[in-house]
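A.B. asks: The structure that follows is given in the form of structure tokens.
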Amino acid sequence: MNPRGIFESSNDMLLIVGSSPMVEVIPALLGASTKRPALLAIGPGVFAVATIATEAATCMVGLRSLQRACFGPLERYAEILSGLFVAAVGVDALFTS
């Protein structure tokens with residue numbers, strides 16, 4: 001991103017937003033489609049299992065980490081803080097759109 005806040009290349013936006021895992025799978029599926037139909041059927045299945053396993057492991061690690069963390073006074077006022085944040089996002093969306 002340049003000093004004026006304009007993205008100079010698509011790589012800048014990719015670093016901020018992140019890439020979809022499916023973007024990396026598409027070339028593999030296209031390559032498999034020229035070989036055998038069985039490979040084309042196995043590819044999405046392996047991708048689905050790997051994605052679900054990764055997401056489940058990430059959630060389990062995050063949950064265990066949060067159970068050990070203590071946020072003190074923030075725990076008492078978490079609902080109020082989250083409500084204020086949602087209201088602030090709504091007000092911002094109201095005036096900026």
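A.B. asks: Is there any pair with a first residue in segment 77-96 that is touching a residue at least 40 places away in the same chain (Cβ under 8 Å) and a second that is among the polar types (S, T, N, Q) and surrounded by 10 or more Cβ atoms within 10 Å (Cβ to Cβ) whose Cβ atoms are under 7 Å apart and which are 6 or more apart or on different chains, and what are they?
C.D. replies: Matching pairs, first to second residue: none at all.
A.B. asks: Please go through segment 14-55 and pick out each residue that is part of a helix (DSSP H, G or I), surrounded by fewer than 10 Cβ atoms within 10 Å (Cβ to Cβ) and either modelled with pLDDT of 75 or more or in contact with a strand residue (DSSP E or B) (Cβ under 8 Å, 6 or more places away or on another chain) (or both). First the steps, then the outcome.
C.D. replies: First pass over segment 14-55, keeping only residues part of a helix (DSSP H, G or I): 14-17, 21-33, 37-55.
Those still in the list that are surrounded by fewer than 10 Cβ atoms within 10 Å (Cβ to Cβ) too: 16-17, 23, 27, 37-38, 45.
Within segment 14-55, P27, P37, A38, G45 meet the criteria.
A.B. asks: Return yes when I80 is hydrophobic (A, V, I, L, M, F, W, C) and either surrounded by 10 or more Cβ atoms within 10 Å (Cβ to Cβ) or at pLDDT below 80 (or both) and no when it is not. Walk me through how you get there before you give the answer.
C.D. replies: On the way: hydrophobic (A, V, I, L, M, F, W, C): yes; either surrounded by 10 or more Cβ atoms within 10 Å (Cβ to Cβ) or at pLDDT below 80 (or both): no.
Spelling it out, it is not the case that I80 is hydrophobic (A, V, I, L, M, F, W, C) and either surrounded by 10 or more Cβ atoms within 10 Å (Cβ to Cβ) or at pLDDT below 80 (or both).
A.B. asks: Any residue in segment 50-70 that's in contact (Cβ under 8 Å) with a residue 24 or more places away in the chain: show its pairings with residues that are assigned to a helix (DSSP H, G or I) at Cβ separation under 7 Å, as long as the two are six or more apart or on different chains.
C.D. replies: T51/P21
The values are calculated or read from the model by the stated rules, or taken from the named source; none is laboratory data. Computed from a predicted structure; not experimentally measured. Virtual Cβ from ideal backbone geometry, glycine too; neighbours counted across all protein chains shown.
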